[in-house]
1. Consider segment 269-313. How many of its residues are among the basic types (Lys, Arg) and out of contact with any Phe, Trp or Tyr (no Cβ under 8 Å at 6 or more places or on another chain)?
2. Taking Glu58 and the conditions (1) over 27 Å from Trp196 (Cβ atoms); (2) assigned to a helix (DSSP H, G or I); (3) in contact (Cβ under 8 Å) with a residue 12 or more places away in the chain, which numbered condition does it fall short on, given that it satisfies the others?
3. Are there any pairs with C-beta distances below 6 angstrom linking a residue in segment 388-411 that is farther than 25 Å from Met451 by Cβ to a residue that is part of a helix (DSSP H, G or I) and aliphatic (A, V, I, L, M), with the two at least 6 apart or on different chains, and if so which?
4. Filter segment 406-427 for residues that are open to solvent by 60 Å² or more (accessible area, probe 1.4 Å), more than 17 Å from Ala447 (Cβ to Cβ) and not aromatic (Phe, Trp, Tyr); which is modelled with the lowest pLDDT?
5. Test each condition in (1) closer than 16 Å to Asp439 by Cα; (2) open to solvent by less than 20 Å² (accessible area, probe 1.4 Å) for Leu506 and report the one that comes out false.
6. Considering each residue of segment 509-523, count those that are surrounded by fewer than 20 Cβ atoms within 10 Å (Cβ to Cβ) and either on the phi > 0 side of the Ramachandran plot or outside any strand (DSSP E or B) (or both), and give that number.
7. Select, from Arg48, Arg103, Arg56, Arg73, the only residue that is open to solvent by 70 Å² or more (accessible area, probe 1.4 Å), under 30 Å from Arg275 (Cα atoms) and either modelled with pLDDT of 85 or more or among the polar types (S, T, N, Q) (or both).
8. Being within 17 Å of Leu515 (Cα to Cα) and open to solvent by less than 30 Å² (accessible area, probe 1.4 Å) is the filter here, so list the residues in segment 452-475 that pass it.
Amino acid sequence: MSRLPVPSSGQPARRTPLTGWWTRIALVFLILVAVVTVLVTNQLLTERFTETTRNRAELRLALYSGNLVSELRRNSIVPQLLARDPALIGALNSGDYSQSTQRLISFVEEIGAASLMLLDREGRTVAATDRNRLGESHRQGRYFVDALRSSDTIFSVTEREAGGYRFTYTRRVDWQGQTLGVIAVEADMQKFERAWSGISEAVIVTDSTGTIILATEPRWRGLTEAEALRRAPVDSAIERAIRATADWTSLPADAYVQGEAVMRMEGRISFRGWRIATFTPYASVREKVNGFLALEIMGFAILLALAFYFLSRKSAVRMALFQRESAELRTLNQRLQREVAERQKMQGKLEVAEQTLEQSSKLAVLGEMSAAVSHELNQPLAAMKTYLAGAALLLRRNRPDEALSSFQRIDDLIERMGAITQQLKSYARKAGDALAPVDMGDAVVSALSMMEPQLKRNKVRLTRTMPDRPVMVMGDRLRIEQVIINLLRNALDATQGVDAPEIDILLAAGETVTLTVRDNGHGIEDLDSLFEPFYTTKQPGEGVGLGLAISSGIVNDLGGRLTARNADGGGAVFEMRLPIFEEDKIRAAR
């Protein structure tokens, strides 16, 4: 009855199987692409994030090592300073220690040490910041015996009775060639253990024998690394099998800590052959890799879901399944976004912590500024000695009026010494003092008067060129004279051993005030490290290397600049440039 063309009986049978096979082939191909992509991505991301984690572990390792060395060096200079303390020497001479403990307590907060102890010649604790240790006998202690035998500072590591180790610097206290006792300074190294225990990784520090002396795990102390790692095995073989099956990313484990695979990083500490090692878990790497893989899987799942949607939209059951899968994927996406946000937040906190550690390392140098007092007072003390000898000679010759003049100069030097110590304290605290107009010519004359005995004693030919009119700058005269004296003293030291020592001083005024000090010494070997603290070419005991560092800081505080260079004909040239003080401009501004 119908006139429509009727297809042959074989056409529908051929068309439906071909369409089904192509659909299946396309789905299988998409699945294979997804599997290959996930495997390749897993391999590449695992290597990438493992390298990133390793780099961060190396950075933390360098920070930890730097902080340890900084703390040890900061405490190493304390015994040398306390061994020269007049109050402690007087207490050991007189046997009156009533004020010694309080004096040590007043030092410990400023120094940052764990404890301070003063031992007499018999090894008995006569003063200590920890009053419970008063009366203890250290006569048989190696640190006490070694300190008595040596004139240098002795470092020792001893085991505590309650666990852990003590890190102690000891030094002999001498007076007029006689040994009075020993000063002991214990460095607070346990604070690093407390800081490290707040992070997710394990840290150990071993000495030159391989013994663990610092560790985030207290029971590791006193063991070797191999022994410490054997103390935390996986509980059973079943747990090891489950963990190996679950760790489908197959990350290579350097070691296992408490049953967890970790990455081990080791570094050398530039102190007595010590080494430091960190154990970073691979959990963070797995989380990052799995997060990216989940995003890829989610993308392929969406493609598959779309394919199934177009292929099975006539089926209500398959549509409901697709909707349910889409809802789960959205939930997973939101959870991944929250995890990514949390990781970004933690990375920001890590950057802040690293900046804080770097600033603490810089500020640790300020703990050693007490050594600058002895450096800056050497010159006034030498001048006082000269004036005292002259006064004694005048008194023997019945010339009391001239002797009184020498005593007056000594009194001025004592006031200057007090002012220098106050200026050094203000320099360490970066406190700004009131400035006033200063005549640079008068400052140069005053500094030369201070250095006159040394210049005459060394037979130095001094050439001085200065303008006739006053050359004014805005600053602190005492600090400016301090810089000039340091430059003259360096020039005097540089001309030691020269046949005809010469020092030229040139004061010039233009857009800035320039004071040039030139010598005919041997020149400067390392210009880059010249103004760094504690850099010196002198023999031990002749200087601590703080003069130029302090002078550079003073000139910078006054808005100027201190530079140095080697002269063409030999010797060194130091130039101090300061802004010129123009009174007319200031009066107009007012």
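The values are calculated or read from the model by the stated rules, or taken from the named source; none is laboratory data. Keep in mind that what you see is a predicted model, and the values were worked out from it rather than measured. Here the Cβ positions follow ideal geometry from the backbone for every residue, glycine too, while neighbour counts run over all protein chains shown. Each accessible area value is taken on the protein alone, full model and side chains, heavy atoms only, with ligands, DNA and RNA left out. Shrake-Rupley method; radii C 1.70, N 1.55, O 1.52, S 1.80 Å.
1. The initial filter retains those residues of segment 269-313 that are among the basic types (Lys, Arg), namely 272, 275, 286, 288, 313.
Checking the rest, the ones that are also out of contact with any Phe, Trp or Tyr (no Cβ under 8 Å at 6 or more places or on another chain) come to 275, 286, 313.
Qualifying residue count, segment 269-313: 3.
2. All conditions are met except number (1).
3. Close Cβ pairs (under 6 Å, with a partner that is part of a helix (DSSP H, G or I) and aliphatic (A, V, I, L, M)) amount to Leu395/Ala403.
4. First, the residues of segment 406-427 that are open to solvent by 60 Å² or more (accessible area, probe 1.4 Å): 407-409, 411-412, 414-415, 422, 425.
Still in the running and more than 17 Å from Ala447 (Cβ to Cβ): 407-408, 411, 414, 422, 425.
After this cut, where a residue has to be not aromatic (Phe, Trp, Tyr) as well, the list is 408, 411, 414, 422, 425.
On the way: Gln408: 80, Asp411: 79, Ile414: 83, Gln422: 60, Lys425: 55.
This residue is Lys425.
5. (2)
6. Residues flagged as surrounded by fewer than 20 Cβ atoms within 10 Å (Cβ to Cβ) and either on the phi > 0 side of the Ramachandran plot or outside any strand (DSSP E or B) (or both) within segment 509-523 amount to 4.
7. Working: Arg48 fails: either modelled with pLDDT of 85 or more or among the polar types (S, T, N, Q) (or both); Arg103 fails: under 30 Å from Arg275 (Cα atoms); Arg56 fails: either modelled with pLDDT of 85 or more or among the polar types (S, T, N, Q) (or both).
Testing whether each residue is open to solvent by 70 Å² or more (accessible area, probe 1.4 Å), under 30 Å from Arg275 (Cα atoms) and either modelled with pLDDT of 85 or more or among the polar types (S, T, N, Q) (or both) leaves just Arg73.
8. Of segment 452-475, the ones within 17 Å of Leu515 (Cα to Cα) are 462-475.
Once the filter is applied, which keeps residues that are within 17 Å of Leu515 (Cα to Cα) and open to solvent by less than 30 Å² (accessible area, probe 1.4 Å), segment 452-475 yields Val471, Val473, Gly475.
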